[in-house]
Amino acid sequence: MRLPAVAAALLLSCACVQATEYRRLDLAASHIRFTSRQMGVPVDGAFRKFDASLAFDPDAPAAARGQLRIDLSSVDTGLREIDDEVVSAQWFDVRRHPDARFEMRQIQSQGAGRFQVSGVLSIKGISQPVVVNTVLKAGGKQAVMEGTFVMKRLDFGIGGGVWGDVRVVANEVTVQFQLVLEP
């Protein structure tokens, strides 16, 4: 009699430990930040508006899919003058290209909560492949995915005219994100 009860308890406990598939972002707790350099001086900023569609199970990363959309007009460097400049035609050209998109193509587990995310980043009608190493920290019903990558702004036509001179504004922009994932 006791053996079936123990077996049932083990089966129930195994069902409770199954991995969670994450389908939403907690936008209020998530952030996308960047750092560029102007004449050698760091300029930090963030994008305040973005959204995502997502389906990601850490135990089955090959089946993951998702897309992140960033509202480029939501750029915030803390300086109104810079924010007004970077939405102009020479920079993001938000009138013609209001958003940037990252389309996830593949996630590979690297073990110990580390994943390599490959996809395509599209800005100003130009698409480039991007590979990002991320860390996933799960706790409770939420998980936090963090990562950093360097993009080359000129590959996307960002910063024309005098701003195209990499001695004035560096070509490399470091993008850092923290995405809070929910079931």
3J(HN,Hα) from dihedral phi, the range 100-107, Karplus parametrisation 6.51/-1.76/1.60, rounded to Hz, x for glycine, proline: 10, 9, 10, 9, 6, 10, 7, 10
Please work out the average accessible area per residue across the chain, using the 1.4 Å probe convention, and give it in Å². 59
Proximal lysines relative to residue 152, as straight alpha-carbon distance under 21 Å, when same-chain residues fewer than 8 apart are discounted: 124
If amide H atoms are modeled at 1.01 Å from N in the peptide plane, then the residues at a separation of 5 or more from residue 49, or on another chain, having amide H under 5 Å from its own are 71, 74
Could you tell me whether the chain comes out rounded, prolate or oblate from its Cα gyration tensor? Rule is a ≥ b ≥ c as square roots of the eigenvalues, rounded for a/c under 1.5, then prolate if a/b exceeds b/c, otherwise oblate. prolate
Answer in debye to the nearest 20: the dipole magnitude of the chain about its Cα centre, from +1 Lys/Arg and -1 Asp/Glu charges placed on Cβ, is 380
Near the amide H of residue 43, under 5 Å away, which other amide H atoms are found, from residues 5 or more places off or on another chain, if H is placed in the peptide plane? 36, 37, 38
Karplus-derived HN-Hα couplings along the range 160-165 (A = 6.51, B = -1.76, C = 1.60, θ = phi - 60°), whole Hz, x at Gly and Pro: x, x, 4, 6, x, 6
From the backbone phi of the range 87-93, what are the Karplus-calculated ³J(HN,Hα) couplings (6.51 cos²θ - 1.76 cosθ + 1.60, θ = phi - 60°) in whole Hz, Gly and Pro given as x? 8, 6, 4, 6, 9, 7, 6
C-alpha long axis of helix 2-16 to longest principal axis of the chain, angle in °: 10
Leaving out same-chain residues fewer than 8 places away, which lysines sit with a Cα under 26 Å from that of residue 141? 49
Within the chain, what whole-number % of the accessible surface is contributed by carbon and sulfur, with the 1.4 Å probe and all protein chains included in the calculation? 55
Environment charge at residue 100 (Cβ cut-off 10 Å; Lys +1, Arg +1, Asp -1, Glu -1): +1
Excluding residue 166 itself, calculate the net charge of residues whose Cβ lies under 14 Å from the Cβ of residue 166, where each Lys or Arg counts +1 and each Asp or Glu counts -1. +1
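The values are calculated or read from the model by the stated rules, or taken from the named source; none is laboratory data. Computed from a predicted structure; not experimentally measured. Ideal geometry is used to build each Cβ from the backbone, glycine not excepted, and the neighbour counts take in all protein chains shown. These accessible areas exclude ligands, DNA and RNA; they are computed on the full protein's heavy atoms, side chains included. Shrake-Rupley method; radii C 1.70, N 1.55, O 1.52, S 1.80 Å.
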